[in-house]
Amino acid sequence: MSRIGKKPVAPVSGVTVTVDGQAVTAKGPKGEQTVVLVDLVRVESGEDGIVVTPIDDSREARSAWGMSRTLIDNIVRGVSTGFERKLAISGVGYRAQMQGSDLKLSLGFSHEVIYKAPDGIQLAAPTQTEIVVTGIDKQQVGQVAANIREFRPPEPYKGKGVRYSDERIVRKEGKKK
């Protein structure tokens, strides 16, 4: 039994969720999102929210059960509050700033890196060493944050680079005489 799958997706005020076969659509104040679920689960709308159940007791159906419930919960949370991922920049001369809607990064290269945000994603640089990625699609927010981090991942000796704000860098000891 899936502990996550057993819980219904609770209704959120201001968000309307419609179930049309295997397609679940959520409309809210931040926008609209749709997810199409696999045929191994059954989706029903009840008075206590959206309930996901496996179609049979096979291993594949039970595996898709919790994932499908989480995908529905993510679109409901995305259209109501949205998702946010924060990045921190550390290193001498490393900085980020907004250039219109694009993000301009100075990361120690001979050139500056210009990152254009995809549709549905907002980038912000409140300080020179902080980047905030926001959007309604959890997967897309995480992917954009990973793409920005990939330009200069944190190195283990001095910790310089772009890291997630909640990431802990395991430092290595340097050379000894």
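Below are the figures for this structure:
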read-out: Verdict on Arg85 being under 19 Å from Ala23 (Cα atoms) and among the charged types (D, E, K, R); value: no
read-out: Residue ID - modelled with the highest pLDDT, chosen from residues in region 47-93 that are closer than 30 Å to Lys158 by Cβ and touching a Gly at 6+ places or on another chain (Cβ under 7 Å); value: Arg85
read-out: Close pairs from region 145-164: first closer than 17 Å to Lys175 by Cα and in contact (Cβ under 8 Å) with a residue 60 or more places away in the chain, partner surrounded by fewer than 19 Cβ atoms within 10 Å (Cβ to Cβ) and among the small types (Gly, Ala, Ser), Cβ under 9 Å, at least 6 apart; value: Lys158/Ser90; Lys158/Gly91; Lys158/Gly174; Gly159/Ser90; Gly159/Gly91
read-out: Breaking point among (1) of a type outside the set (Gly, Ala, Ser); (2) more than 23 Å from the chain's Cα centre (by Cα); (3) within 18 Å of Gly120 (Cβ to Cβ), for Asp48; value: (3)
read-out: Residues of region 138-173 that turn out to be out of contact with any Phe, Trp or Tyr (no Cβ under 6 Å at 6 or more places or on another chain) and part of a loop (DSSP other than H, G, I, E, B), as a count; value: 17
read-out: Residue list for region 157-166, filter: surrounded by 13 or more Cβ atoms within 10 Å (Cβ to Cβ) and of a type outside the set (Ser, Thr, Tyr); value: Lys158, Gly159, Lys160, Gly161, Val162, Arg163
read-out: Residue that is nearest to Lys30 (Cα to Cα) [pool: residues in region 135-147 that are surrounded by fewer than 18 Cβ atoms within 10 Å (Cβ to Cβ) and in contact with a strand residue (DSSP E or B) (Cβ under 7 Å, 6 or more places away or on another chain)]; value: Gln140
read-out: Qualifying residue in region 23-31 (condition: of a type in the set (D, E, K, R) and without any contact (Cβ under 8 Å) to a residue 40 or more places away in the chain); value: no
read-out: Strands (runs of 3 or more DSSP E) (entirely within region 28-131) containing at least 1 residues that are among the charged types (D, E, K, R) and buried (at least 19 other Cβ atoms within 10 Å of the Cβ); value: 83-90
read-out: Filter result for the condition that a residue is out of contact with any Phe, Trp or Tyr (no Cβ under 8 Å at 6 or more places or on another chain) and within 25 Å of Pro8 (Cα to Cα), over Val52, Val92, Val132, Val35; value: Val35
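The values are calculated or read from the model by the stated rules, or taken from the named source; none is laboratory data. Keep in mind that this is a model prediction, so the values were computed, not measured. In this analysis, Cβ positions are derived from the backbone assuming ideal geometry, glycine residues included, and neighbour counts consider all displayed protein chains.
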